[in-house]
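Please read the structure below before turning to the comments.
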Amino acid sequence: MRPGVGAKLRRDVIVLAVVVAIYLLLASQVHNSYYQLMLTLVPIWAVLGLSWNLLSGYGGLTSFGHAAFFGIGAYTVTLALVKFNLTPWIGIPIGMVLGAAAAFVIGTPTFRLRGHYFALAMLAYPLAILYVLQYLGYQEVSIPMKRENAAFFLQFSDPRSYTMIAVGLVVLAMFVSMAVENSRFGLALMAIRQNELAAEAAGIDTKTWKLRALMLSGALAASAGGLYACVLLVVTPESVFGVLVSAQALVVTLFGGVATVWGPLIGAAILIPLAETLQAELGNIIPGIQGVVYGAAIIAIMLLAPEGLFWTFRDRFFRRAAPAIGAQTAPISGQPVEVRTTGNGPILEVKNLSRAFGGLRAVDDVSFSVHRGEILGIIGPNGAGKTTLFNVMNGVLPADEGEAVFEGHRMTGQKLFAICRMGIGRTFQVVRSFPRLPVLDNVVVGAYGAGLADRDAIASANDALAQVGLSHLANVEAGQLTNKELRLMELARALAGKPRILLLDETLAGLGREECDAVLDVLGHLRDSGMTVVIIEHTMHAMMRIADRFLVLDHGKVLAMGLPREVVENRDVIEAYLGKKWLNRVTANV
C-alpha cells in the first residue's frame, strides 16, 4: 500500500457505505418502473465509467473505444444463455475474462501509438466488432424468458432486484478502483499519466503497467455490459458497441473528475437521470437528445471545471494548507547513501558513441570513462550535444554507432526502465515531476521502479528526502514547490532507487547563488559517501567546486578532457565558450 493512504481509504469506504445505504433506501421507495430502470442504469454506467477511469483517468490514455469491452460482455451473456442455457451468474464472469483477453489483444499493438492516434485507434475496435456482428446476423438478439427459475437467470419481476445487483456491482468496482488507486499499481499509472518519460526513467515499465490497466479496465467494462443485457433483455450491436456507449464512459468520468474513484459516480448520478428524463419527455421531438446532453456536459465542464466536479470542489473548499514553501532547505540528515561497488575498473565506459538527426551529428564519436566515486563534469556551449549524450546513454534515444557499458553490461539498446534498474539514476534538464502527487509519492516512484517492496520503498524514499533536506515537505503536492525544491525532489527520486551512478542534467539550472550553494552541499554529501556522478552544468564556479575531472563537448565532439584547472585554461575550450575575440584578448593580456 502507498504511504499515508490508510486513513483516506477508511474514509472512502465509510462514505461509500453511507452513499449505498441512502441509494438503496431511495430505490426501495420508487415504484414507477421507468424511474426504477433509471436507478439501475446509474450504477451500471458508473461501473463503465470506473473501468474507463482505470486506463484513461489514472493512466492518461484517452480511449474512445470502451464500448468494445462493454459489448463483448453483453453479447457473451446473451449468447451463452441463448446457445448454451448458461446462467448470467456464470456468463458475466466469462464475459469479464473475454473482455480482459480482448484488451490484451487490442493493447499489444495499440500502445505503440500516442495521443490522439491512440484514441482514434481505440474507436475503430468497437465499430469493427459492430459490423462483424451485423454481418453474422446478430442484429438483434433477445434473451429467452426463464420464468421457472427467475433468480437463477437474473430475470426478476421486481425491478428493484436489478437495482440491488447493479449497486453490488458498482461497490465491487469501487473496491477494485480503491485498491488500484492506493497501491503501487495506481501510483505507477498516475506517474505515467503526469510524465511518462520521468516514470520510465525512474524504472517504471510503462507498457506493462498500461497493458495491465487496460485488461482490468476491459474486465470491469464487460461486467457492466453483461448486467446491462440482463436488464434490457435484448441487445443490438448499436446499443452496446455504438459510439454513444464509449462517449458515456468518457463523459460521466470527465464530468465527475478523472483519476479519482468518485468521479464516475458523481458523473453518472447527475448525467444519466438528466439524459434519460429528457429522452423520455422530449425524445420524440428531439431525436438523439441524449447525445446533446453529453455534448453540452463536455462543453460546460471544459469551460467551468476542466478537471471535473470532484477536483474543482476539493481544490476550492477542502484543500489542506501546506507548509511554507520556499523556506530554507532543512538540514541534511538520514543515513548515508548506500553505494555498492564491484571491482576496481571504470564503472562506466562510453565507446565511440554517435547520434545524428538528419545531417546534424549531435553526438559525434564520443568516448570516455568514469571511475568509481568520481564526479565527472560535462561542460560545453549551448548545442554542444550534452543532453543528447545523456539521452543516448540511458535509452531515451537510440545510438547510431558505439556503445555505453555499465559495470560490464551494455546500456545502449536497452529500454529506459531497464537501464534505470541496472543502477543508474537520472535527472533532467527541465524538471520532470508528477505535480498532482505529494513529494513523498514522487520519490517513492523511484524506489518502486527499482523493484523495492512497499515497506522498503517507503523507507528508501524517506531516507532520500532526508538526504536532500526535503523531509518537511513530504506531504506537499509537487506542483507547489519552488524550482530549487523541485530540483532536489528529482534528485531524491533518483536516489530512492539506490543507484550506483547518477546522471545529473543541469541540476543547478535556474537557481540563484544561495540556492546553488544549498544544492552543492547536497552533492558534496553524495561525493563524500562515494557516489559516482556524471553531471552536466553551465555554472563554471560550481563545477570547479565539485568536479574531479571535466569532459568538454563542442558540436558533438570531445574537445578536451582532464583536471578542471587544466581544462578551463585550455585555449580551445576558451574559444568554444567565449569566441575568438575573447581568446585574442586573453592571449594579448598574457
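Bear in mind that the values in this text are calculations on the coordinates, not laboratory data. Note that this is a predicted model, so its numbers are computed, not measured. With ideal geometry, Cβ positions are generated from the backbone for all residues, glycine too; neighbour counts draw on all protein chains shown.
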### Task
Report, to two decimal places, the Cα Rg of segment 348-589 normalised by 2.2 N^0.38 Å (N = number of residues).
1.03
## Note on the structure
FRET efficiency (residue 34, residue 139; Cβ distance; R0 35 Å; to 0.05) is 0.85
### Message
Starting from the Kirkwood Rh over alpha-carbon pairs, what translational D in µm² s⁻¹ does segment 335-462 have by Stokes-Einstein at 4 °C and 1.567 mPa s?
### Response
79 µm²/s
#### Entry: Rough spin-label spacing in nm, given labels placed 7 Å along Cα→Cβ, for residue 574 and residue 132
7.3 nm
### Task
Give me D for segment 6-244 in µm² s⁻¹, whole number, from Stokes-Einstein with Rh from the Kirkwood sum over alpha-carbon pairs, 4 °C and 1.567 mPa s.
70 µm²/s
### Summary
Between residue 403 and residue 24, the FRET efficiency computed from the C-beta separation at R0 = 51 Å comes out, to the nearest 0.05, as 0.20
### Task
Grab the Cα-Cα distance for residue 430 and residue 286, subtract it from 0.36 nm times how many residues apart they are, and report the gain in nm with one decimal.
46.7 nm
### Message
With the crude spin-label approximation of a point 7 Å out along Cα→Cβ, what separation in nm comes out for residue 147 versus residue 175?
### Response
3.7 nm
### Query
Considering the alpha-carbon set of segment 197-329 alone, what are its Rg and its Dmax in angstrom?
19.3, 67
### Query
If Lys and Arg each add +1 and Asp and Glu each add -1, what is the summed charge of the other residues whose beta carbon sits under 10 Å from the beta carbon of residue 385?
+2
### Rounded to 5, the percent of DSSP beta bridges in segment 348-589 classed as antiparallel
55 percent
### Query
If you take every DSSP beta bridge whose two residues both sit in the chain, what share of them, in percent to the nearest 5, is antiparallel?
60 percent
### Summary
Simple spin-label estimate for residue 371/residue 89, 7 Å along Cα→Cβ, in nm, reads 7.4 nm
### Query
Tilt of helix 159-181 relative to the longest C-alpha principal axis of the chain, in degrees (0 to 90, nearest 10)?
10 degrees
